[in-house]
Each structure stands twice: as C-alpha cells, then as structure tokens.
Amino acid sequence: MSSSMVHRHRNVQGGIERAAVFGVSDGLVSNVALILGIAGASADPSMVRVAGVSGLLAGAISMAAGEYVSLKAQAELVERELAIERVSLAENPEFEIAELAAIYQERGLSAEHAETVARELMTDPEVALEIHAREELGVDPSQVGDPIGAALTSFAAFVIGAF
C-alpha cells in the first residue's frame, strides 16, 4: 500500500479531549459564577481574589479527581468484562464462534461465510478476545483511556477556564 493511501485516526474515545473541553467549560462557568456572587456580596477586591483562587483550586482538584475515578472505574469494568470473555472463549469456544457468526450474519454475511470468518478469527486467543471485545462488548481494549492523563488534562483545563 502506498504511503499516500495510509492514514491514521486518533483515539476519540480515550477521554483526554473530552476532559479538556469539559474542564475549560466547567472552570469558566463555575468560577465566573463564584466570583460574581462574591463580588455582589462584598465590594472588597481582595475577598473576590481569594474566593476566585480558592474556587479555581477546589474546582480543578475536584475535576481531576472525578476524571481519574471515572476513567479508572471504566478501565476496571472493561478489564472485568474481558476476563469473563477470556474464560468463555477458553471454556465455550463453539458457543463463542456461534455468537460471533450471528453478529456477522446480522451485518449481512451468509451463515456459511459468517461461521468461516468466526472460526478463522478464533484461531488466535488474543485476536479472538479483541474481536469479541469490539463486536460483542462494543469496546476497544487498547483505547480505554488514561486515567492519569485525563485527570491532569482536566485539572489544567479547569485552571485555564477559571483563570
């Protein structure tokens, strides 16, 4: 394949871009609301600044912690489902072949061709697990997301939005 025909797609489900957009938006809205509320209640500029910085830090820490916990829980859930699928692939290969063949039939393959494809994909246990994860569970195990990266992105984005 020529290099002009090759293109790569970015991981759009990993969470870092989502965390950045959500962090900036939340930082902007929540800190502006906090600062306006404090400014309306007190004319003291130092009080408004202290409240703004406090809101910035509290919000950024909260967003980072929430993002980390959320993506970590998602990753653990995916790992749990993959473990269940791994056992099923080892203990019930014929059932898993039939299940995969049924998915391919729903997508338009003939029953015979769907079973042939399913059997071929099941010859390598790691490929079989990845295919079942994508086709049956609807997840790409390699693109679950990075909890630490998303947390840091969320923290920084909130600070940018709140500043």
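Derivation of every value follows stated rules applied to the coordinates shown; laboratory data play no part. Predicted, not measured: the structure shown is a model, and the values here were computed from it. Neighbour counts are summed over all protein chains in view; Cβ atoms, including those assigned to glycine, are modelled from backbone coordinates with ideal geometry.
Summary table
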| read-out | value |
| --- | --- |
| Positive-end residue, the stretch 4-153 charge dipole about Cα centroid, Cβ charges, pick of A60, S110, A151 | A60 |
| Net charge dipole size for the chain [Lys, Arg +1 and Asp, Glu -1 on Cβ; Debye, nearest 20] | 1180 |
| Theoretical gain in end-to-end length, E106 to D44 [0.36 nm per residue, Cα-Cα removed] | 15.6 nm |
| The stretch 28-59 versus the stretch 135-163: alpha-carbon centroid distance in Å | 27 |
| Label corresponding to Cα Rg over 2.2 N^0.38 Å when calculated from the structure given, among [x] 0.98; [y] 1.56; [z] 1.27 | [y] |
| At least 27 Å along the helix axis (C-alpha) and Kyte average at least 0.0, DSSP helices within the chain | 16-41, 45-91 |
| Using a Förster distance of 25 Å, the FRET efficiency for E136-K72 (Cβ separation, nearest 0.05) | 0.60 |
